[in-house]
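For reference, the structure is listed below as structure tokens.
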There are 2 protein chains.
Amino acid sequence: MITMMAKIGKIIFFSFLLSVFLGCQVTKAEDGYRLWLRYDKIENATLLKEYRSEINGIIIQQDSPTIEAAKSEIVKGLKGLLDTSMPVRSSISGEHSSIIVGTPKGSELIASLNLDKKLADINDEGFLIEERKINGNNHIVIAANSDIGVLYGVFNFLRQLQTNKDIRGISIKSEPKIKHRILDHWDNLDRTVERGYAGLSLWQWSKLPEYKAPRYTDYARANASIGINGAVLNNVNADPRILTKQFIKKAAALADVFRPYGIKVYFSANFYAPMRIGGLKTADPLNPKVREWWKQKVDQIYKYIPNFGGFLVKANSEGQPGPADYNRTHAQGANVMAEALKPHGGIVMWRAFVYNAGGEDRAKEAYDEFVPLDGKFDDNVILQVKNGPIDFQPREPFHPLFGALKKTNTMMELQVTQEYFGFSNHLTYLGPLYQEVLDSDTYAKGKGSTVAKVIEGKVYDYNQTGIAGVANTGNDRNWTNHPFAQANWFVFGRMAWNPTLSSENIADDWIRMTFTNNEKFIKPVKAMMMKSREAGVKYREPLGLAHLCIQGQHYGPAPWTVDMPRRDWTAVYYHRADSVGIGFDRTKTGSNAVEQYHEPVQSEFRNLKSTPDKLLLWFHHVPWDYKMNSGRTLWQQLVHEYYEGVDMVRNMQKTWNSVEGLIDQERYQHVKSLLKIQEHDAVWWRNACVLYFQTFSKRPIPDQYEKPSHTLEYYKKLEHTKYYEHN
Amino acid sequence: MITMMAKIGKIIFFSFLLSVFLGCQVTKAEDGYRLWLRYDKIENATLLKEYRSEINGIIIQQDSPTIEAAKSEIVKGLKGLLDTSMPVRSSISGEHSSIIVGTPKGSELIASLNLDKKLADINDEGFLIEERKINGNNHIVIAANSDIGVLYGVFNFLRQLQTNKDIRGISIKSEPKIKHRILDHWDNLDRTVERGYAGLSLWQWSKLPEYKAPRYTDYARANASIGINGAVLNNVNADPRILTKQFIKKAAALADVFRPYGIKVYFSANFYAPMRIGGLKTADPLNPKVREWWKQKVDQIYKYIPNFGGFLVKANSEGQPGPADYNRTHAQGANVMAEALKPHGGIVMWRAFVYNAGGEDRAKEAYDEFVPLDGKFDDNVILQVKNGPIDFQPREPFHPLFGALKKTNTMMELQVTQEYFGFSNHLTYLGPLYQEVLDSDTYAKGKGSTVAKVIEGKVYDYNQTGIAGVANTGNDRNWTNHPFAQANWFVFGRMAWNPTLSSENIADDWIRMTFTNNEKFIKPVKAMMMKSREAGVKYREPLGLAHLCIQGQHYGPAPWTVDMPRRDWTAVYYHRADSVGIGFDRTKTGSNAVEQYHEPVQSEFRNLKSTPDKLLLWFHHVPWDYKMNSGRTLWQQLVHEYYEGVDMVRNMQKTWNSVEGLIDQERYQHVKSLLKIQEHDAVWWRNACVLYFQTFSKRPIPDQYEKPSHTLEYYKKLEHTKYYEHN
């Protein structure tokens, strides 16, 4: 009889060790929290050796909160990247090759290096990174005119290592071309975020000012690393309570955390604040009591936030109050705040996003409203103009106000959050969109008057320059939910610093810093990113179409939308499809919006033949059988674009599948899952739009394309049953 | 002449290494994400040595998703705690002392250990942990009747190590005393959370079912580790869309993640779903089409979620639809769903939280409504009764429905989220509250008929038993925002498993697992936790007062609230202060609610002298000069309680200050900041209430107390200007 014990003894001995990996998961998770500031050990052994031989220490001879931040960052960065604790010294020691960090004012060593001329050539936020021989040894000098320049230089230098650049003979000179580089947070005081798709607001108002979450510092680090120097803390649809003492004190706690990182805080101000929280009976900007109220309020803010940046204002726009309520102009409205801010060095960013119900063409209205006011704004006001004349659509022509205002500081507003680009579900790298508008030539002062040059203040001599991005951050662990949405924050900051940078090069940096320096990963993924925005255009609104989305929500397709309180909130207002053709005639036979552009842009857009395909239906109502450059009819081309958009997403999936194993599983799987959603949604957009437009064109979907899997009625119903969270 | 170079050379050589700590911050941050499942290396060297000698491997002879989870957990746990990779073998190997894990059905080794008798003594979810000598070597056996029992046993065993228990001769037998141990998530489909104070819902609906966030697994692990076996995914104020196919598929993805951890998913069902999403013209539970609709719907759910738990229903309560809309009873409403669920083994949890506008005493209404229905509910319905007769107030007597329903399964609903306890700003350990109600004796069948025994089904023979806690989780990194709010999740789970456990012992476990085994920390912090709920009662609503909070928001004080759409939403309805005295007369001269309790409880509460001080004003309207047991008059006692509440918070601050350095700075500073807010709010509550009640008592605040720093008018105004986010 075999006893149980003996039987057990006979069981074949088999043991296995579970990977050590299991035990490390919690602490080493690639959860995306570190963004592009990942300082993991350099994988290339040759390069690591080289870097280690070139960097043996850090020399810092000065101190300030910003220098402290720079020191902490470079120590942390080098500790991670080179896997060695780097000594921080106050002088050159022996034969070591050091990183010498500082300003001539704060560091005798820096002052001794004869950098005066070079430093005189860059502005207060710029920096130099140079290799210098001192006493026979090579050192790397990170020098600037100010402490914040030093911090920017440190982040730039760390980026060189993160992206595996050769640092031998390094020589970098960099300065921001735009003064105010700002993230606009559309964050409400209850922490919901308008058009935010990555969780709640980062600002834990109910715990401020007492509790300063460590995340605030990491937010500031991330921004400083890409040169962002301002944050509007609250939604442009502004709750007046942000201006109460209670909230000023809370915001002051944030400002204290951000200050060493060169980031100023701004408030979105509600124009009715003097009534809503001030107890006045009017908010008329010409009323002396109102003027005095704003003065007192601003003085109070500066008492708590000495480096307060100023106000962002959405006035007389989409239901927000404004000066027009008192028959005053936007200039009169802006100036009452500007006057209060002026003594403190603060600015007003006044949004040009205004359009009245019943206007003949919404695209024309901001221009018509603000051009007559050119020269009427105080010099610490900047008009904040969206990249295009409508509203952050997947593609718009550049806004005609760029190049139209000779005497009014003009800044640009971009959207980093993907309101019309699939929220945080879709992979859409916005760099090419930013680059497209910045590179657009306004011809305001002849060829070369690009939008970038306008907002740099080089076409007209603006004394304040700025660029703002509507933030895509939230309290989700990885800040933006879609791992690739981090790239939009990154590219916005980099282009705000230098609008002439290539979005492709920035994508390259971002991939290396965020994922890996492995070329097998970089090449296909960069190509995928560079095409992703175009894919998003094609499966939604190709050939210059716009605003076909479900109203309110803005996620899915509803080109049939016709019943809304305002005509210019419907889809049919924009696409104007009929039995003849499709598109919005903005030439002389239509709204003549083209006349708002300078020549030769105006003629290019006026002329059907010279209008680029990608903007065709923005400017023209085109017959269905119109022959396109491709040889296809317009209808065929429209169908082709929609199908191509879906194909591009499927190719993105293939690309992503091909890189499995080259990065961590956590982020790999996350992106893979989201691409599945994106493919589904792209098909939804394509089928809904093609079937709907077919009801006008009465032409078939050519045989080579897969047939829509559902009827138009199905998609119309889907608009109402499909549900997506708004945050 | 001294050259600059020489000068530099003369600078005293001074270098310093920044702590290695800096470089580790990112990965080793004590951000609270791990909850109590921290498996850091045992700090006590002697104990570590002992544990290591007693555990050399793991033996598992079976496989299933749940066993896989158990294996993964014990490997991960031991890897962290003992800092050694533990081999997992399928048989005993040589001289090793192993952990032998499994069920007799799945493991020949377990089956050979003659545990049948002991295992027959515990239910399907229970487990044994025993030291056993096999072939001359000591082994630790974790055995159960089912795989989930094994997982529970593994978590229990790891807890022994985490809390530094002596495991020599270990012998544990444990089984849950309640069948359904459920977290109720009041999460909306847009991810906002009603009464949630830790960010958005954990469920990323817009990315489900495609993306299964790793956090879902950690949620399941945390729940399983404390024995929770169910999760109602959505708010009781239920969006009918949860029952659409789209959401069922999303929920199914969550169910798949949770299943190995023994957690069933439930839906809150909207009673009008047959109309709202089903296209029917009625939701009358007696209508055959409605019955059929529920049947079809339930069948569809089980197709996607084979282990679906059932429905939670809030009907005819605070505006929610219900059977009364068709003149049907709650029993008729519940049974139509129960009938559909029955074939699949699902249950209906029907909330007893109903009260009509205009009733004489809200505290009486649920009893009056449901006692006449006793016996009318199907046997897979459980009536879900809140701990007290009003609504999760800081202190209430136990609900008179406990012990009143002989033929109706009755479960308890507790609040884990701190709706009336300072949200996630205040430190309030709710263990003593849970214990107080569970230990309360209903005398339903004579002495010893405690509430715990009622819900265990031991007083009356319920065939379904349950306990639910309204969750306090959100997508904040540390799950609950206040680090100490994690303890409420923990204690709820532990008491759901065994309602007779001591809340103090559970606090001890939690502190050890979450922070440290250092007695210098444990002793004062445990004492602080144990007093914290009483502190929260005293500075808000001492002596049995209730519902003095600002309406809607429920955070700050507003005892003056008188103008509301319903009388029973005002504060004055509850406190009834007048020139004579204060308190709600629930004796014969008043609403006579006391008669809903069994004797001798009824007499105890009816009699002013025998009513405990802590419930005095709940049951009696008491004159201001009434002499209390303390020798103080009622007014003096009331004032005393409020001041004592503030003093207790200040003592909590002192305690916390005294433990600085014994734990990580990140959590230390977080708690310290929040205690500052709590102290401020406690003073706010105290001053507002004392000043307000003084307008009735017309008696002075005795000299020994600090004078309120503001007037009553100030605090009344504060109600409207003070702002707290709702999520």
Within region B:19-32, is there a residue that is farther than 30 Å from A:THR84 by Cβ, modelled with pLDDT of 95 or more and open to solvent by less than 40 Å² (accessible area, probe 1.4 Å)? yes
(1) more than 14 Å from chain A (Cβ to nearest Cβ); (2) within 27 Å of B:GLN551 (Cα to Cα) all hold for B:GLN678 apart from (1)
Using the structure shown, decide if B:ALA558 is open to solvent by less than 10 Å² (accessible area, probe 1.4 Å), among the hydrophobic types (A, V, I, L, M, F, W, C) and touching a strand residue (DSSP E or B) at 6+ places or on another chain (Cβ under 6 Å). no
Would you say B:GLU131 is open to solvent by 20 Å² or more (accessible area, probe 1.4 Å) and either at the interface with chain A (Cβ under 10 Å from one of its Cβ atoms) or more than 19 Å from B:ARG159 (Cα to Cα) (or both)? no
Check region A:46-59 and report whether any residue there is within 14 Å of chain B (Cβ to nearest Cβ), in contact with a Phe, Trp or Tyr (Cβ under 7 Å, 6 or more places away or on another chain) and not in a loop (DSSP other than H, G, I, E, B). no
Out of curiosity, is B:LYS297 closer than 16 Å to B:ALA273 by Cβ, part of a helix (DSSP H, G or I) and charged (D, E, K, R)? yes
For residues that are closer than 24 Å to A:TYR705 by Cβ and either more than 28 Å from the chain's Cα centre (by Cα) or within 14 Å of chain B (Cβ to nearest Cβ) (or both), tally how many sit in region A:657-675. 1
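Yes/no per residue for (1) more than 25 Å from B:ASP441 (Cβ to Cβ); (2) touching a strand residue (DSSP E or B) at 6+ places or on another chain (Cβ under 8 Å); (3) in contact (Cβ under 8 Å) with a residue 40 or more places away in the chain; (4) open to solvent by 10 Å² or more (accessible area, probe 1.4 Å):
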| site | (1), (2), (3), (4) |
| --- | --- |
| B:ARG606 | no, no, no, yes |
| B:ASP613 | no, no, yes, yes |
| B:LEU617 | no, yes, yes, no |
| B:TRP624 | yes, yes, yes, no |
| B:ASN629 | no, no, no, yes |
| B:GLN636 | yes, no, yes, yes |
| B:TYR642 | yes, no, yes, no |
| B:ASP664 | yes, no, yes, yes |
Does B:LYS364 fit the bill of being over 23 Å from B:ILE467 (Cα atoms) and either in contact with a strand residue (DSSP E or B) (Cβ under 6 Å, 6 or more places away or on another chain) or among the charged types (D, E, K, R) (or both)? no
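Matching residues to (1) at pLDDT 95 or above; (2) in contact with a helix residue (DSSP H, G or I) (Cβ under 6 Å, 6 or more places away or on another chain); (3) more than 14 Å from chain A (Cβ to nearest Cβ):
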| residue | (1), (2), (3) |
| --- | --- |
| B:TYR152 | yes, no, yes |
| B:GLN162 | yes, yes, yes |
| B:ILE167 | yes, yes, yes |
| B:LYS173 | yes, no, yes |
| B:PRO176 | yes, yes, yes |
| B:HIS180 | yes, no, yes |
| B:ARG215 | yes, no, no |
| B:ALA220 | yes, yes, yes |
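Residue by residue, here is whether (1) closer than 21 Å to B:GLY552 by Cβ; (2) touching a strand residue (DSSP E or B) at 6+ places or on another chain (Cβ under 9 Å); (3) among the polar types (S, T, N, Q) holds:
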site	(1), (2), (3)
B:ALA324	no, no, no
B:ASN327	no, no, yes
B:GLN332	no, no, yes
B:LEU341	no, yes, no
B:VAL354	yes, no, no
So, of the residues in region A:76-90 that are in contact with a Lys or Arg (Cβ under 9 Å, 6 or more places away or on another chain) and assigned to a loop (DSSP other than H, G, I, E, B), which turns out to be nearest to A:ILE170 (Cα to Cα)? A:MET86
Right, A:ARG195: open to solvent by 20 Å² or more (accessible area, probe 1.4 Å) and more than 8 Å from chain B (Cβ to nearest Cβ) or not? yes
So for region B:674-682 (the condition being at pLDDT 95 or above, buried (at least 19 other Cβ atoms within 10 Å of the Cβ), within 14 Å of B:LYS538 (Cα to Cα) and not hydrophobic (A, V, I, L, M, F, W, C)), does at least one residue qualify? yes
Any residue in region A:456-471 that is in contact with a Phe, Trp or Tyr (Cβ under 6 Å, 6 or more places away or on another chain), open to solvent by 10 Å² or more (accessible area, probe 1.4 Å), in contact (Cβ under 8 Å) with a residue 60 or more places away in the chain and within 30 Å of B:TRP203 (Cβ to Cβ)? no
Residues in region A:177-192: is at least one under 25 Å from A:ALA452 (Cα atoms), assigned to a loop (DSSP other than H, G, I, E, B) and among the charged types (D, E, K, R)? yes
Quick one: which of B:ASN145, B:ASN114 is more than 14 Å from every other protein chain (Cβ to nearest Cβ) and open to solvent by 10 Å² or more (accessible area, probe 1.4 Å)? B:ASN145
State whether the residues of region B:41-63 include one that is under 27 Å from the mean Cα position of the chain (by Cα) and open to solvent by less than 50 Å² (accessible area, probe 1.4 Å). no
The helices (runs of 4 or more DSSP H) lying wholly within region B:207-292 that contain at least 1 residues that are crowded, with 22+ Cβ neighbours inside 10 Å and among the polar types (S, T, N, Q) are B:214-225
Report whether or not B:GLN596 is crowded, with 20+ Cβ neighbours inside 10 Å and either under 26 Å from B:ALA485 (Cβ atoms) or of a type outside the set (Val, Ile, Thr) (or both). yes
Looking only at region B:320-348, filter to residues that are out of contact with any His (no Cβ under 8 Å at 6 or more places or on another chain) and touching a residue at least 60 places away in the same chain (Cβ under 8 Å); which one of those is surrounded by the fewest Cβ atoms within 10 Å (Cβ to Cβ)? B:GLN320
Just a yes or no: is a residue in region B:441-464 small (Gly, Ala, Ser) and either under 21 Å from the mean Cα position of the chain (by Cα) or under 23 Å from B:TRP569 (Cβ atoms) (or both)? yes
Screening B:GLU43, B:GLU73, B:GLU95, B:GLU68 for residues that are more than 12 Å from chain A (Cβ to nearest Cβ), out of contact with any Asp or Glu (no Cβ under 9 Å at 6 or more places or on another chain) and modelled with pLDDT of 95 or more leaves only B:GLU43
Collect the residues in region B:684-717 that are within 14 Å of chain A (Cβ to nearest Cβ) and either touching a helix residue (DSSP H, G or I) at 6+ places or on another chain (Cβ under 7 Å) or buried (at least 18 other Cβ atoms within 10 Å of the Cβ) (or both), keeping them in residue-number order. B:TRP684
Give me a count of the residues in region B:347-404 that are among the acidic types (Asp, Glu) and over 22 Å from B:GLY544 (Cα atoms). 5
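The values are calculated or read from the model by the stated rules, or taken from the named source; none is laboratory data. These numbers come from a predicted model, not from an experiment. Positions of Cβ are backbone-derived with ideal geometry, glycine not excepted, and every protein chain shown enters the neighbour counts. Surface accessibility is based on the protein's heavy atoms, side chains included, excluding ligands, DNA and RNA. Shrake-Rupley method; radii C 1.70, N 1.55, O 1.52, S 1.80 Å.
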